[in-house]
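In what follows, a single structure is set out as structure tokens and then discussed.
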Amino acid sequence: MVSRIKCVYAQNPMIITVTANPMVEHVFPVSRITPGRPHHPSEGWAFATGKGINAARALHHLGEDVLAVVATGGDRGREVIRRLEDESIPVRAAPVSGETRAGFVLYDRGEVTTFYGPGPTLTQEDVEAVVATVTQALPARLLVLAGSVNHADLYPRLSGLEVPLVLDFNHPSFQECLAGAEVRLAKPNRAESRSLLAEDDPVRASALLTEAGAQWGVVTDGDGPAVFRTGNQAWRVTPPVVEAVHPVGCGDSLCAGLIHAMDRDPADAVAFAMACGAHNASRPGIGHLDRAACEALAKHIQLDPL
Ligand SMILES: Nc1ncnc2c1ncn2[C@@H]1O[C@H](COP(=O)(O)OP(=O)(O)OP(=O)(O)O)[C@@H](O)[C@H]1O
Ligand SMILES: [Mg+2]
């Protein structure tokens, strides 16, 4: 089984990301929020998001061959697809029964206030539609399962497709996916690793991930130190200081950076991944990575071996 997976991995450059709960997000920069009063921001914009979409965008900007599979419903679902097509991000819709959610974000230089509307509750039929859409798109070298999901079967079903996985989600099925498949990267943030692994210490949490079989176990903590572990090597890495503009999707950008750099010397891959996360924090969008800027930033990142 493993050798067959490795063979498929070697032959196919494509990475598939799955987004079970996408969103059209509307962003308004404001200088001061006054509850109960009307606000008239002078600018605003909207974009398609969701963790898998964010990772797909970041991978696309890094020059990777990526396909975003997105569970979409109703007019807002069509809007998500149209927006991704406008960005030239390869996308395939998996139609589901409910209406795709909307989000609303206010931000003022790093201070982010979010309202994320309710997404559709996936039915068993919806799960089959997503699995069928991914299956039709195979072969792929990696399947990225990232972001919220509200059906216990979806991620385990996808992890049974014999494609190496990246796991970045907070759902009880995380453990099942980690134990039952070939996992290249497992990356909860610190709060997620508390709830998924009952472990607050990123050093021990990253060890739990690799002991469970992940090739890379990574636990991030926003602008605090992250821990990266692979094989018998581990590092604590403090993010570079950047002017944080919109620190959402930093984990998705870090995952994309590590995927992109996975064939490098491990310490170089870690530095590049950290640079991608920090670069994302310094920019208003999500996953709009400038590869050259990330490479330059990576040169300044210090790794403390553990
Ligand atoms: N304010 C910041 N300044 C510099 N780097 C940051 C900042 N916030 C995040 N990063 C970088 O991004 C990485 C991932 O951040 P974080 O822990 O917030 O991920 P996350 O919670 O998974 O994010 P998301 O799920 O929104 O993508 C950090 O390890 C760091 O490299
Ligand atoms: Mg995350």
Among the residues of segment 27-74, write down those that are open to solvent by 20 Å² or more (accessible area, probe 1.4 Å) and closer than 19 Å to residue 158 by Cα. 51
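Yes/no matrix, rows are residues, columns are (1) more than 19 Å from residue 141 (Cβ to Cβ); (2) within 16 Å of ligand 2 (Cβ to nearest atom); (3) modelled with pLDDT under 95:
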site	(1), (2), (3)
19	no, yes, no
48	yes, no, no
51	yes, yes, no
54	yes, yes, no
67	no, no, no
79	yes, no, no
90	no, no, no
96	yes, no, no
Complete set of residues in segment 215-257 that are of a type in the set (D, E, K, R) and crowded, with 24+ Cβ neighbours inside 10 Å: 229, 252
In segment 151-162, the residues that are open to solvent by 10 Å² or more (accessible area, probe 1.4 Å) and within 17 Å of the chain's Cα centre (by Cα): 159
Only one of (1) open to solvent by less than 20 Å² (accessible area, probe 1.4 Å); (2) more than 16 Å from ligand 2 (Cβ to nearest atom); (3) more than 27 Å from residue 140 (Cβ to Cβ) does not apply to residue 281, and that is (2)
From the set of residues in segment 32-48 that are touching a Pro at 6+ places or on another chain (Cβ under 7 Å) and not charged (D, E, K, R), which is farthest from residue 81 (Cα to Cα)? 41
Filter segment 174-189 down to the residues that are buried (at least 19 other Cβ atoms within 10 Å of the Cβ) and either among the aliphatic types (A, V, I, L, M) or away from ligand 2 (no atom under 12 Å from the Cβ) (or both) and list them by number. 174, 177, 178, 181, 183, 184, 185, 186
Among the listed residues 225, 240, which satisfies the condition of being over 15 Å from residue 267 (Cα atoms), at pLDDT 95 or above and away from ligand 2 (no atom under 12 Å from the Cβ)? 225
Among the residues that make up segment 260-274, is at least one of them within 16 Å of ligand 2 (Cβ to nearest atom), under 17 Å from the mean Cα position of the chain (by Cα) and open to solvent by less than 30 Å² (accessible area, probe 1.4 Å)? yes
Can we say residue 245 is in contact with a Gly (Cβ under 7 Å, 6 or more places away or on another chain) and of a type outside the set (Phe, Trp, Tyr)? yes
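The values are calculated or read from the model by the stated rules, or taken from the named source; none is laboratory data. Since this is a predicted model, take the numbers as computed values, not measurements. Ideal geometry is used to build each Cβ from the backbone, glycine not excepted, and the neighbour counts take in all protein chains shown. Just so you know, the surface numbers come from the protein's heavy atoms only, side chains and all, with ligands and any DNA or RNA stripped out. Shrake-Rupley method; radii C 1.70, N 1.55, O 1.52, S 1.80 Å.
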